[in-house]
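The values are calculated or read from the model by the stated rules, or taken from the named source; none is laboratory data. These numbers come from a predicted model, not from an experiment. Every residue, glycine as well, gets a Cβ built from its backbone with ideal geometry; the counts of neighbours run over all protein chains shown.
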Amino acid sequence: MNKSRKAKTKKKKVGRPKEPIKEKIEKTHFDFVKIKKLAECGLIDENFANVFGIEKRTWNNWKKQDQEFNSLLKNGKELSDKNVEQSLYKRAMGYQYQEVTQEPDKDGQLRISKRVIKEVSPDVGAIAFWLKNRQPDNWKDRTNNTAELPNEEIEALRKLAQKVMAENI
């Protein structure tokens with residue numbers, strides 16, 4: 001066989017053809033809607049891989065292969081993150097809620113016996129967490145105190161230190 005003939009021969013793909021992600025998922029009695037709902041509940045990729053009995057690497061490959069699938073997961077996870085963010089903000093700011101107590105009446109039917117408005121005070125831990133993550137330069141726990149002084153001030157301090165040392169000897 002000469003070189004020109006080798007160049008024209010196409011290489012055959014090895015292995016069986018790839019099955020669409022949607023079909024792989026439907027075999028497990030899930031569908032994209034259920035997966036999005038699970039993502040909205042806060043499941044992470046590792047959890048999904050465990051649910052489907054696959055490696056995390058396989059799960060990541062599925063996301064790379066199917067843009068619709070990947071977008072679906074991202075949207076579900078973003079909604080979950082937004083809900084947690086709103087809850088953290090609410091907890092940091094404090095809030096009010098109404099507590100309703102029900103008691104059975106003479107006929108055994110539950111009736112509202114009282115309504116009480118309760119107040120949850122702002123949570124200092126939630127406030128600190130929020131600020132440290134949103135404004136780390138202003139609110140981090142440790143500060144780096146390496147303020148530099150101008151050379152004139154350093155020289156003045158050096159002379160003052162020498163003068164004090166000379167007086168005390």
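Please determine whether any residue of the stretch 23-37 is of a type in the set (Val, Ile, Thr), modelled with pLDDT of 85 or more, assigned to a loop (DSSP other than H, G, I, E, B) and out of contact with any Cys (no Cβ under 7 Å at 6 or more places or on another chain).
Among the residues of the stretch 23-37, not one is of a type in the set (Val, Ile, Thr), modelled with pLDDT of 85 or more, assigned to a loop (DSSP other than H, G, I, E, B) and out of contact with any Cys (no Cβ under 7 Å at 6 or more places or on another chain), which makes the answer no.
Output the number of residues of the stretch 88-125 satisfying the condition of being assigned to a helix (DSSP H, G or I) and either more than 21 Å from Trp139 (Cα to Cα) or touching a residue at least 24 places away in the same chain (Cβ under 8 Å) (or both).
Total meeting the criteria: 5.
Do you know which residues across the stretch 64-81 are over 15 Å from Lys34 (Cα atoms) and assigned to a helix (DSSP H, G or I)?
Lys64, Gln65, Gln67, Glu78, Asp81
Take the conditions over 30 Å from Trp62 (Cβ atoms) and of a type in the set (Gly, Ala, Ser) and apply them to Ser113. Does it pass?
In short, yes.
State the number of residues belonging to the stretch 51-67 that are touching a residue at least 40 places away in the same chain (Cβ under 8 Å) and not aromatic (Phe, Trp, Tyr).
Here the count works out to 2.
Suppose the filter is out of contact with any helix residue (DSSP H, G or I) (no Cβ under 9 Å at 6 or more places or on another chain) and at pLDDT 70 or above; does Glu19 pass it?
yes
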